Each structure stands twice: as structure tokens, then as C-alpha cells.
Amino acid sequence: MLLSLLFFSHNVYAVPGWQSWANGSFIPKESMHVIHQRREQAKAETLDASNFLVRNLATSKLDEKPYICAQYDFEAKGTVLKVTCDDRGSISINLNGEPTEYKKPDGTTLNVVAKVDGSQVTQTFVGESGGLKVVYLFSQEGVLVTKSISSSYLGKALTVDVFYRLKELE
């Protein structure tokens with residue numbers, strides 16, 4: 001019984017059909033200019049909520065962050081979601097509880113386990129003093145991507161939501 005329960009819970013990791021929504025090229029519904037303005041507004045709100053001693057240092061560290069993709073390419077196959085953001089290379093996110101290995105710019109690696117809840121895939125990258133959380137919420141209409149940068153030094157997280165639609169629907 002326990003074995004069948006473990007097998008069942010391990011393989012039922014998402015809403016049936018969501019993977020059919022997670023295939024293809026997706027572009028933002030809004031213009032990149034509008035999205036960048038929203039990101040700058042979110043950055044200003046984050047800095048305003050932060051300690052004044054941190055603001056100067058954080059201002060430059062948060063420049064053009066989080067990165068906003070002009071196009072996502074998704075390919076869902078079984079327990080893997082392949083994600084490509086612009087020309088930044090592809091990552092294959094394991095959806096079965098196995099860690100996904102990422103190479104950091106300094107050559108070291110970081111293992112991240114994706115959490116799947118319904119049609120939502122969440123990855124949390126943890127650093128020394130904060131982290132980045134990326135949430136992909138798939139629907140028939142497209143994918144809502146939420147990126148959130150948090151740190152114990154920031155008064156509030158810097159969060160940006162972007163809705164992407166299938167490129168073929170232009």
C-alpha cells in the first residue's frame with residue numbers, strides 16, 4: 001500500500017493537459033517598453049521600502065533585474081520542461097522532484113528542485129543573502145511568468161509579472 005501511494009503521489013504532479021499548453025514560442029502580451037517601466041516601478045518600490053544605507057548599493061545591483069525575456073520557448077516532455085529564454089541557452093527543468101543542475105557564472109553548480117502544483121512550476125534559487133524565485137503558470141491563454149528577487153537586506157521583494165502568449169497568435 002505504501003509503495004503504491006508513493007508511486008501514485010510521485011507521478012501525479014500536475015494538472016492533466018497543462019503540458020500541452022507548455023509547448024511553443026511565447027512572446028509578451030505587452031510591449032517590452034511597458035514591461036521595463038513596470039520593472040523600474042517595482043524596483044523603486046523595493047528600494048523605497050529598504051534601509052537607506054542599502055539603497056545605493058542595491059540600486060546598481062538591481063539594474064535591469066530581474067531579466068525579462070523577449071521570448072520564451074517551452075517544450076514539455078514527460079517529467080522535463082525545457083525552457084529557453086531569448087538566446088541565453090536552454091535549461092531542462094526536472095518536474096519529478098529530481099534536482100536540476102545550473103552552472104553559475106563562476107563555474108560552480110547549483111542544484112534546484114522544481115515544485116509543481118497544478119499547472120504551476122516554481123523554482124527557487126537561494127544565494128548567500130537572498131534569492132530568485134521564478135514561477136511559470138501555464139494556461140490555455142499562455143503563461144504568466146513571475147520573477148521575484150528577495151534579500152534580507154531589501155525591505156520587500158522586487159517582483160515582476162509578465163504574461164506571455166503563443167507567438168503564432170500574433
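General remarks:
- Against the list (1) buried (at least 19 other Cβ atoms within 10 Å of the Cβ); (2) touching a residue at least 40 places away in the same chain (Cβ under 8 Å); (3) not hydrophobic (A, V, I, L, M, F, W, C), the condition S150 fails is (2).
- Some residue of the range 61-74 being modelled with pLDDT of 95 or more, buried (at least 16 other Cβ atoms within 10 Å of the Cβ) and polar (S, T, N, Q): no
- Conditions (1) part of a loop (DSSP other than H, G, I, E, B); (2) under 28 Å from S151 (Cα atoms); (3) modelled with pLDDT under 90; (4) of a type in the set (F, W, Y): number failed by Y13: (2)
- In the range 87-114, residue farthest from Y72 (Cα to Cα) [restricted to those that are part of a strand (DSSP E or B) and among the β-branched types (V, I, T)]: T109
- Count of residues meeting criterion [outside any loop (DSSP other than H, G, I, E, B) and either of a type in the set (A, V, I, L, M) or in contact with a His (Cβ under 6 Å, 6 or more places away or on another chain) (or both)] in the range 139-170: 9
A quick yes/no check of all residues on (1) touching a strand residue (DSSP E or B) at 6+ places or on another chain (Cβ under 9 Å); (2) of a type in the set (D, E); (3) exposed (fewer than 15 other Cβ atoms within 10 Å of the Cβ); (4) touching a residue at least 12 places away in the same chain (Cβ under 8 Å):
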| residue | (1), (2), (3), (4) |
| --- | --- |
| K82 | yes, no, no, no |
| G89 | no, no, yes, no |
| T100 | yes, no, no, yes |
| G107 | no, no, yes, no |
| N111 | yes, no, yes, yes |
| Q120 | yes, no, no, yes |
| T159 | yes, no, no, yes |
| F163 | yes, no, no, yes |
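- Flag if K43 is buried (at least 17 other Cβ atoms within 10 Å of the Cβ) and either farther than 24 Å from Y153 by Cβ or not hydroxyl-bearing (S, T, Y) (or both): yes
- Among the numbered conditions (1) modelled with pLDDT of 95 or more; (2) over 13 Å from the mean Cα position of the chain (by Cα); (3) charged (D, E, K, R), the only one that K147 does not meet is (2).
The values are calculated or read from the model by the stated rules, or taken from the named source; none is laboratory data. Fair warning: this is a prediction, and the values are worked out from it, not measured in the lab. Neighbour counts run over all protein chains shown; Cβ positions are idealised from the backbone, glycine included.
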